[in-house]
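Taking it in order: structure first as structure tokens, then the write-up.
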Amino acid sequence: MKDIEKHYGDVLALGQALPAEKVPVFDALGRVLAEDVSTRFAVPPFTNSAMDGFAVRASDVANSLSMEVTGDIPAGSTKVPDLPAGTAMRIMTGAPIPKGADSVIQVEHTEKSDENMRHEAPSFVTFTQTVRPGSNVRKRGEDVPAGQPLIPAGTRLGPGHLSALVSVGYGEVSVVRRPVIGIVTTGEELRDAGDDLAPGQIPDSNIVSLNALVTQAGGIAKPLAYHGDDPEGFEKQLRVLIDHVDMIVTAGGVSMGAFDVVKESLGEIEFCKVKMQPGKPQGFGKLKGKPVICLPGNPVSVLVSWYLFGKPLVDKIEGVTPRPFTELFEPRTVGAGWARKPGRVQLMPIIAKDGKVLPASHGGSKSHFVASTFGATGIAMVPAEVAQINAGEEIPVLWFGGN
């Protein structure tokens, strides 16, 4: 049987990043940067006040705690007069520091502080303490200077990235185009969500879960449910779909059964047995130059296979640099142990509780236990030769939230 890490590498080799497009920063959440971003503006873009109070020279305050107020500087001011020697100017948080001032005394450190923040600035102010030069002053570029590298290409943009991009001067950004992912589920026994079932029929949960997983990964899902076992009809629909997508993922029809239409129909695809449980039967290849991965039909197998192979391939198509297989996992302590049959690497859906990992289902990693694994937040990887996992041991875990 094929090693998991080898199959991971073979699947990733199918993909390359899609072309870039410009989008407004408002629409860039979850998108992947197509090029490095450097700062257009310094942050802050000008020296400004960190407090509501009074701009002063520290040396003037050391000589006299009372002084004339010669100006009023609200936030947003673009024309600010120089500060005359021996005087103060009232200033609001974020407003530019006047030339000549080197510090700000916050309004709380003045006599009659409430009166000093009325609509009209006071004529005179008396401070209750002195101040050191530089106090309550945000200097231009103290966060980042203009022209500095900020966010590298291949970064998936979160809310913090978007805020940073705007702060350094960007209204739009170059990102990799979102991939359109065809999802195909197969099986005569499958029925649409919510349909009544006859004996021998089951709901098609895979098309719903894969649609959600593709969307969560940043792709645009294009689902196709083929509820039949006719290889010719399946192949015809698939070859139409491939013209409208960037990648296809199938679920079902890849094992050893007499009616496995995916395996019968797709001669261009390489089918193999991977040394993993669940998810042993896998397929990968290209149709019309576009990546295709074929997953088993059991729902837990789909879940495990998606996070091991499907999501990393979508990430690569979106412009994210793939990580080595071993770097997908991080060690975590087992909270409750379990026994299992050795022979293949076990991929156990797990949850985290009190900083430790536990099986997500009472049935372990059985590939059909979809209803009891809904709370899984990751996958623990158990070596092929290990029959018993004990509480307190460390085990490699892939979290679903990672790239």
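The values are calculated or read from the model by the stated rules, or taken from the named source; none is laboratory data. Quick caveat: nothing in here was measured; it's all calculated off a predicted structure. Here the Cβ positions follow ideal geometry from the backbone for every residue, glycine too, while neighbour counts run over all protein chains shown. Side chains included, ligands, DNA and RNA excluded: accessible areas come from the protein's heavy atoms. Shrake-Rupley method; radii C 1.70, N 1.55, O 1.52, S 1.80 Å.
The table below lists the values:
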item: Cβ-based charge dipole, the chain, positive-most Cα from 24, 180, 144; result: 144
item: Value of relative contact order over the chain, rounded to a whole percent, pairs C-alpha under 8 Å and six or more apart; result: 17 percent
item: Solvent-accessible area, 1.4 Å probe, carbon plus sulfur percent, for region 48-138; result: 47 percent
item: Accessible surface, per residue, of region 256-352 when the full set of protein chains is kept, probe 1.4 Å, Å²; result: 38 Å²
item: Alpha-carbon centroids, region 101-180 and region 1-24: separation in whole Å; result: 41 Å
item: Fraction of beta bridges assigned by DSSP in region 48-138 that are antiparallel (%, nearest 5); result: 80 percent
item: Peptides 129-136, 7-14 ordered by average Cβ neighbours within 10 Å, highest first; result: 7-14, 129-136
item: Nearest-10 value in Å² for the accessible area of residue 41, using the 1.4 Å probe; result: 110 Å²
item: Three-way shape label, region 48-138, alpha-carbon gyration tensor, a/c 1.5; result: rounded
item: Computed magnitude of the charge dipole of region 48-138 (debye, nearest 20; Cβ of K, R +1, Cβ of D, E -1); result: 300 debye
item: Whole-percent carbon and sulfur share, accessible surface of region 219-345, 1.4 Å; result: 52 percent
item: Partner lysines for residue 2 [C-alpha distance under 21 Å; skip if fewer than 8 residues away on the same chain]; result: 263, 273, 275, 280, 286, 311, 341, 366
